[in-house]
Amino acid sequence: QKCLSLIKKTKFLNAYITVTEEVALKQAEESEKRYKNGQSLGDLDGIPVAVKDNFSTSGIETTCASNMLKGYVPPYNATVVQKLLDQGALLMGKTNLDEFAMGSGSTDGVFGPVKNPWSYSKQFREKRKQKPRGEKEDSNWLITGGSSGGSAAAVSAFTCFAALGSDTGGSTRNPAAHCGLVGVKPSYGLVSRHGLIPLVNSMDVPGILTRYVDDAAIVLGILAGHDPKDSTTVQDPVKPFVLPNLTDVSKLCIGIPKEYLVPELSSEVRSLWSKAADLFESEGAKVIDVSLPHTSYSIVCYHVLCTSEVASNMARFDGLEYGHRCDIDVSTEAMYAATRREGFNDVVRGRILSGNFFLLKENYENYFIKAQKVRRLIANDFVNVFNSGVDVLLTPTTLSEAVPYLEFIKEDNRTRSAQDDIFTQAVNMAGLPAVSIPVALSKHGLPIGLQFIGRAFCDQQLLTIAKWFE
Ligand code: GLN
């Protein structure tokens with residue numbers, strides 16, 4: 001009840017696309033019954049959770065924040081949603097995002113941008129008052145980051161205790177950093193993608209947003225494991241995720257990738273990053289500079305691979321099978337074209353166009369195949385560093401604290417993604433686990449996060465180290 005009332009109170013944040021009040025209350029009632037009857041309880045029994053609106057939910061509208069899927073009601077639950085419900089979680093609703101998860105601000109969805117709850121914190125309000133006169137009060141709110149900004153705002157505003165995001169190039173870690181949360185991107189293959197509406201199949205993973213590392217570990221433990229409906233999931237059984245209390249980090253080796261020290265990095269993030277490294281060192285850990293030499297190709301390589309997979313993925317939205325259909329009867333092709341023009345925003349259409357260009361017979365070798373080779377080099381950089389004895393890498397998550405909406409929209413989606421995903425994207429190309437954790441508040445009173453990157457399938461070790469640092 002308390003979470004539902006907070007959802008109503010914070011409606012202006014635009015965190016939710018659909019609030020599933022009736023579902024949540026019914027689930028709560030059932031949970032209470034189980035408790036009173038002394039039945040065995042699930043690990044999330046009675047715990048309110050929210051789900052990004054690009055995960056299929058049975059009987060509940062799933063829009064991807066796009067006109068294309070407005071009114072689309074899936075007939076089944078994504079595996080991760082089902083796993084949460086099987087453990088007794090209460091579904092509070094479906095959260096807002098950039099259209100089809102393409103973006104890094106949660107500003108580009110058809111239901112409007114998500115506002116960062118920290119915009120309304122005491123310290124930041126003080127600062128707002130000092131803005132030049134004439135500027136409208138409400139125009140200066142901050143973005144949440146994205147594309148899982150709705151999920152981040154939902155957890156940050158205490159409307160639920162955990163939320164699912166998705167992470168293809170940073171979409172869970174980026175809003176986690178901007179909203180003062182823990183954001184986990186699991187190893188590719190550890191968690192099922194069945195029912196997650198794809199952006200880039202070879203990089204997508206369900207992500208987890210919580211307030212504390214322990215909470216994220218509980219959720220990851222529930223979600224992890226083989227799914228017969230997703231052939232890319234791990235075959236081996238996954239052990240439960242119980243994080244030990246690490247007391248001694250002196251045997252750890254922490255790598256600091258020198259390519260991540262970019263000129264655009266804000267001085268505050270930079271200084272927190274170096275303080276974090278110092279802390280590990282002062283506790284006896286070995287902290288070494290490492291090199292990931294192909295880092296600078298990561299953004300452009302991601303662009304070619306992402307748009308190519310998008311071009312292929314979005315072909316299913318033709319007005320016949322799902323969601324929107326334009327009422328035009330000149331020809332089938334005209335119906336396809338008009339449906340897609342009305343259904344997708346500029347960002348999605350732009351990516352489909354670029355992707356089809358890269359996949360043209362005459363371009364395929366030079367772009368798509370080349371990008372796949374570069375992707376391998378980027379992934380090998382990480383393998384080399386981990387093979388040299390490094391346990392985890394420590395990096396910034398974002399260049400700076402969350403920026404005001406008006407500043408953010410000055411640049412187009414592509415430029416923004418290129419800047420904002422600089423520390424997160426390569427991880428998706430390499431399929432590695434990573435976590436962003438909040439480390440401090442900036443001088444404006446806004447949260448700043450740092451990222452730990454781990455070896456493939458060493459998610460538990462990664463979270464254990466993050467917990468120590470937390
Ligand atoms: N910003 C990236 C993009 O726009 C990442 C998106 C994501 O992780 N879903 O593609």
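Bear in mind these aren't lab numbers, they're just calculated from the coordinates by the rules spelled out. Just so it is clear, the structure is predicted and the values come from calculations on it, not from any experiment. Cβ: placed from backbone, ideal geometry, glycine included. Neighbour counts: every protein chain shown.
Search the structure for amide H atoms under 5 Å from the amide H of LEU90, placed 1.01 Å from N in the peptide plane, and list their residues when 5 or more places away or on another chain.
Answer set, sorted by chain and number: GLY46, ILE47, VAL49.
Averaging sequence separations of C-alpha pairs under 8 Å and six or more residues apart, then dividing by the length of the stretch 80-213, give the relative contact order as a whole percent. Could the numbers behind the result be given before it?
Values: 254 pairs, mean separation 32.8, N = 134.
Answer for the stretch 80-213 is 25 percent.
In whole Å, how far is the Cα centre of the stretch 380-446 from that of the stretch 200-231?
Value for the Cα centre distance between the two parts: 19 Å.
Name the residues of the stretch 13-47 whose amide N is less than 18 Å from a point 7 angstrom out from the Cα of ASP86 along the C-beta direction?
40-47
Decide, for the stretch 11-124, between rounded, prolate and oblate: order the square roots of the alpha carbon gyration tensor eigenvalues as a ≥ b ≥ c, take rounded if a/c falls under 1.5, and otherwise choose prolate if a/b is larger than b/c, else oblate. Mind showing how you got there, number by number?
On the way: a/c = 2.61, a/b = 1.50, b/c = 1.74.
Judged from the Cα gyration tensor, the stretch 11-124 comes out oblate (a/c at least 1.5, b/c at or above a/b).
Please say if the stretch 395-470 is rounded, prolate or oblate, where rounded means a/c under 1.5 for a ≥ b ≥ c the square roots of the C-alpha gyration tensor eigenvalues, and otherwise the choice is prolate for a/b larger than b/c and oblate otherwise?
Values: a/c = 4.20, a/b = 1.41, b/c = 2.98.
Judged from the Cα gyration tensor, the stretch 395-470 comes out oblate (a/c at least 1.5, b/c at or above a/b).
Let me have the relative contact order for the stretch 204-309, percent, based on Cα pairs under 8 Å that are six or more residues apart. Intermediate results must be reported in sequence, preceding the final value.
Numbers: 80 pairs, mean separation 24.6, N = 106.
Relative contact order, the stretch 204-309: 23 percent.
Per 0.36 nm of contour for each residue apart, how much would the distance between LYS8 and ALA440 grow if the chain were fully extended, relative to their Cα-Cα spacing?
Values: separation 432, 0.36 × 432 = 155.52 nm, distance 2.91 nm.
Stretched fully, the LYS8-ALA440 segment lengthens by 152.6 nm.
Over the chain, what is the relative contact order in percent, taking alpha-carbon pairs closer than 8 angstrom and at least six residues apart?
Working: 1073 pairs, mean separation 84.0, N = 470.
That works out to 18 percent.
Would you mind checking which residues have amide H under 5 Å from VAL287's amide H? H placed 1.01 Å from N; only 5 or more apart, or other chain.
ILE254
Once phi is turned into ³J(HN,Hα) by the Karplus curve 6.51 cos²θ - 1.76 cosθ + 1.60 with θ = phi - 60°, what whole-Hz value does each residue of the stretch 327-335 show in order, with x for glycine and proline?
Ordered by residue, 3J(HN,Hα) equals 8, 9, 10, 5, 7, 4, 4, 5, 5 Hz.
Given H placed on each backbone N at 1.01 Å, which residues far from GLY207 in sequence or on other chains put an amide H within less than 5 Å of it?
GLY165, SER166, ASP167
Counting other Cβ atoms within 10 Å, which GluC sites (Glu not before Pro) in the stretch 343-428 have at most 14 and lie in a DSSP loop? List each step's numbers first, then the result.
Values: sites: GLU362, GLU365, GLU401, GLU407, GLU411; in loops: GLU362, GLU401, GLU411.
Answer by residue number: GLU362, GLU411.
Which whole-angstrom value gives the distance between the alpha carbon centres of the stretch 1-47 and the stretch 304-356?
36 Å
Output wanted: per-residue J couplings in Hz (rounded whole) for the stretch 315-322, from phi through Karplus 6.51 cos²θ - 1.76 cosθ + 1.60, θ = phi - 60°, x for Gly and Pro.
Per residue, the Karplus-derived 3J(HN,Hα) values read 4, 5, 8, 10, x, 9, 8, 10 Hz.
Using θ = phi - 60° and the Karplus curve 6.51 cos²θ - 1.76 cosθ + 1.60, what whole-Hz ³J(HN,Hα) does each residue of the stretch 301-311 get, with Gly and Pro shown as x?
In residue order, the calculated couplings are 5, 4, 4, 5, 5, 4, 5, 5, 5, 4, 4 Hz.
On a 27 Å Cα-Cα criterion, which of the cross-link pairs LYS115/LYS410; LYS275/LYS467; LYS70/LYS122; LYS8/LYS70; LYS33/LYS83; LYS9/LYS52 come out too long? Don't skip to the answer; put the middle values down first.
On the way: LYS115/LYS410 17 Å; LYS275/LYS467 17 Å; LYS70/LYS122 37 Å; LYS8/LYS70 22 Å; LYS33/LYS83 20 Å; LYS9/LYS52 20 Å.
Over 27 Å Cα-Cα: LYS70/LYS122.
Just the number, please: percent antiparallel of the DSSP beta bridges in the chain, rounded to the nearest 5. Numbers along the way, then the final one.
Details: 32 of 47 bridges.
Here the antiparallel bridges make up roughly 70 percent for the chain.
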